[in-house]
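Where a number appears in this text, it was derived from the coordinates with a stated rule and is not lab data. Please read these numbers as outputs of a predicted model, since none were measured by experiment. Because the Cβ atoms are built from the backbone with ideal geometry, glycine has one as well, and the counts that use them run over all protein chains shown.
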Amino acid sequence: MQPLVELDHVNKHYGELHVLNDINVTIPKGQVVVVIGPSGSGKSTFCRAINRLETIDSGEIRIDGTPLPSEGRALAQLRADVGMVFQSFNLFSHKTILDNVTLGPIKVRGKSRKAAEEHAMHLLERVGIANQANKMPAQLSGGQQQRVAIARSLAMEPKLMLFDEPTSALDPEMINEVLDVMVELAKGGMTMVTVTHEMGFARKAADRVLFMADGKVMEDSTPESFFTDPQTSRAKDFLSKIL
Ligand code: ADP
Ligand code: MG
């Protein structure tokens, strides 16, 4: 079967810094991947490269067998196919929750407003925010805003969802309401790449853990074997600090 995502000898530098160092990762459809590692290890760059928010110096990234496009309609299509949720919720602050979720499907996917709104309400229901649809983002809590951000990505019917520390800007009591939505998404078969330090999520939902350090994937294993039997001293050291 064709893998959904392939990174093939991917390298990227920021000046002297080798931020992605010969990354080779193949992700089959439906796999839930958690990326963990110390700050500065290249996790965000890894995610951003997959939807081409960052360019790479060498190697190739393919989605469904097709190398990432660099511009134009094909790039807009890629961004629709690969949803991304960031630490900061990045909602359109001057638009209602409903408009936040319908804008992309109407503009990029060419959906009618009626169809987009029906689908949006269904998604807002799924993330538990349907009763907030006509509010503005600032009227919602951080956890609610992040759930809207997830619904907004899902409205584009992505093939893949990237999450870059989606709960690290949230107050502790709001973390689980966002993680619960992500766990449901994972169970529903969504292909996901999630950078997170939430080990509960990794244990509950992940099929695979990638441990990054110094721009390299140092370990690539199941959550079970990563947490109980890390192979590298870098991973052992990291785990001893967070667990
Ligand atoms: P992580 O998400 O694992 O914390 P990042 O991928 O954000 O790591 O960054 C990896 C390294 O690359 C860090 O040392 C960071 O300072 C550096 N870096 C990230 N973005 C840029 C940039 N636009 N210009 C220069 N250096 C950058
Ligand atoms: Mg980061």
Not counting the cut sites, what is the longest span of the chain without trypsin sites (Lys or Arg not before Pro) that DSSP labels loop and that have at most 15 other Cβ atoms within 10 Å? 136-243
Taking every DSSP beta bridge that has both residues in the chain, what percent is antiparallel when rounded to the nearest 5? 55 percent
Computed Rg/Rh of region 76-197, alpha carbon atoms with Kirkwood Rh: 0.93
With 18 Å as the limit, write out which pairs from Lys216/Lys236; Lys12/Lys43; Lys43/Lys204 have Cα-Cα distances beyond it, or answer none. Lys43/Lys204
Can you tell me the orientation of helix 142-154 relative to the chain, as the angle in degrees between its alpha-carbon axis and the longest Cα principal axis, to the nearest 10? 90 degrees
For Ser39 and Ser168, calculate 0.36 nm times their separation in residues minus their Cα-Cα distance, and state this gained length in nm to one decimal. 45.2 nm
Return the lysines within reach of Lys135: Cα separation strictly under 20 angstrom, same-chain partners fewer than 8 residues apart disregarded; answer none if there are no such residues. Lys95, Lys114
Calculated log₁₀ intensity ratio I(q)/I(0) where the Debye formula runs over C-alpha points of region 45-98, q = 0.12, 0.18, 0.27, 0.29 Å⁻¹: -0.34, -0.68, -1.16, -1.25
Binning at 5 angstrom from zero up to the longest distance, how are the C-alpha pair distances of the chain distributed in percent? 1, 6, 14, 18, 19, 17, 13, 8, 4, 1, 0
Report, in degrees rounded to the nearest 10, the 0 to 90 angle that the Cα long axis of helix 172-187 makes with the longest principal axis of the chain. 90 degrees
To make sure I understand the rule: partners must be aspartates and glutamates, Cα under 18 Å from the Cα of Lys187, and not fewer than 8 residues away in the same chain. Which ones qualify? Glu125, Glu157, Glu177, Glu198, Asp207, Glu224
